[in-house]
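The structure under discussion appears below in the form of structure tokens.
The values are calculated or read from the model by the stated rules, or taken from the named source; none is laboratory data. All of these numbers come straight from a predicted model, not from anything done at the bench. Here the Cβ is made from the backbone with ideal geometry for all residues, glycine too, and neighbour counts use every protein chain on show. Note: accessible area is taken over every heavy atom of the protein model, side chains too, but ligands, DNA and RNA are not part of it. Shrake-Rupley method; radii C 1.70, N 1.55, O 1.52, S 1.80 Å.
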Amino acid sequence: AFYEAYKPERYTGPDTRTITEFQFRDEASARASLGLIAGGASPGQIPDLAASEQRTGFKSDVLSNQRMADLVFARRSLPGTPFGPLEIDGLWVVVRLEDVIPGEATPFEDVREDIFSELAREQATAVYYERLPRIDDLIGAGATLEDMASDIGVPLLSFDGIDQRGGAETGSFFG
């Protein structure tokens, strides 16, 4: 479920989009054509059109204007939607999003262990913060480590004393 919920934003490569760019010499002509563009009109059906071009590619390949690219490549942008008009290099530009081609998804099997680790870490952190007030109470009451571990339901791990060189009393060295 985690994989499916985050697949579009975390486990899928960038998508490509097909756009048609309509260029006009003035803002009034661009605004007057918005209805036709939104309705799916072809460039030949749009009056006062200076130029048009259809392109397919990644965000940086399709649109050089960052503001327009951010609008067209927003997550919720839908095919058929016009964006603009926006003045770019002396022309008024309207872009119609024609198609969204999803990026390639990383298979679940390839990210299963990463997801498992992330969720386990989140759950452990939640348990820690949930039990922290009880640990504080037990410390204040003078409980032993064994009593605290038993009370909060976690295993107690103990280690031999280690000196500054990383050596234990048993002669073993760590580190």
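Summary table
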| read-out | value |
| --- | --- |
| Criterion violated by residue 91 - all others in (1) closer than 11 Å to residue 20 by Cα; (2) in contact with a Phe, Trp or Tyr (Cβ under 7 Å, 6 or more places away or on another chain) satisfied | (1) |
| Any chance residue 146 is under 30 Å from residue 6 (Cα atoms) and out of contact with any helix residue (DSSP H, G or I) (no Cβ under 8 Å at 6 or more places or on another chain) | no |
| Single unsatisfied condition, residue 85 versus (1) over 24 Å from residue 12 (Cβ atoms); (2) open to solvent by 40 Å² or more (accessible area, probe 1.4 Å); (3) not acidic (Asp, Glu) | (2) |
| Residue 135 being closer than 30 Å to residue 1 by Cα, among the β-branched types (Val, Ile, Thr), surrounded by 13 or more Cβ atoms within 10 Å (Cβ to Cβ) and touching a helix residue (DSSP H, G or I) at 6+ places or on another chain (Cβ under 7 Å) | no |
| Looking only at the range 24-71, and only at residues there that are more than 12 Å from residue 85 (Cβ to Cβ), aliphatic (A, V, I, L, M) and out of contact with any strand residue (DSSP E or B) (no Cβ under 8 Å at 6 or more places or on another chain), the one that is surrounded by the most Cβ atoms within 10 Å (Cβ to Cβ) | 69 |
| Number of positions in the range 62-99 that are among the charged types (D, E, K, R) and touching a residue at least 24 places away in the same chain (Cβ under 8 Å) | 5 |
| The range 27-48, residues that are under 37 Å from the mean Cα position of the chain (by Cα) and in contact (Cβ under 8 Å) with a residue 12 or more places away in the chain | 27, 30, 31, 32, 33, 34, 37, 38, 40, 43 |
| Single residue of the range 150-164 satisfying the filter (of a type in the set (S, T, N, Q) and part of a loop (DSSP other than H, G, I, E, B)) that is most open to solvent (accessible area, probe 1.4 Å) | 164 |
| The listed residue being part of a strand (DSSP E or B) and aliphatic (A, V, I, L, M), out of 86, 78 | 86 |
| Test: residue in the range 100-114 that is among the charged types (D, E, K, R), in contact (Cβ under 8 Å) with a residue 40 or more places away in the chain and part of a loop (DSSP other than H, G, I, E, B) | yes |
| The range 121-149: number of residues that are among the polar types (S, T, N, Q) and not in a helix (DSSP H, G or I) | 1 |
| Odd one out for residue 21, checked against (1) at pLDDT 95 or above; (2) part of a helix (DSSP H, G or I); (3) open to solvent by 20 Å² or more (accessible area, probe 1.4 Å) | (2) |
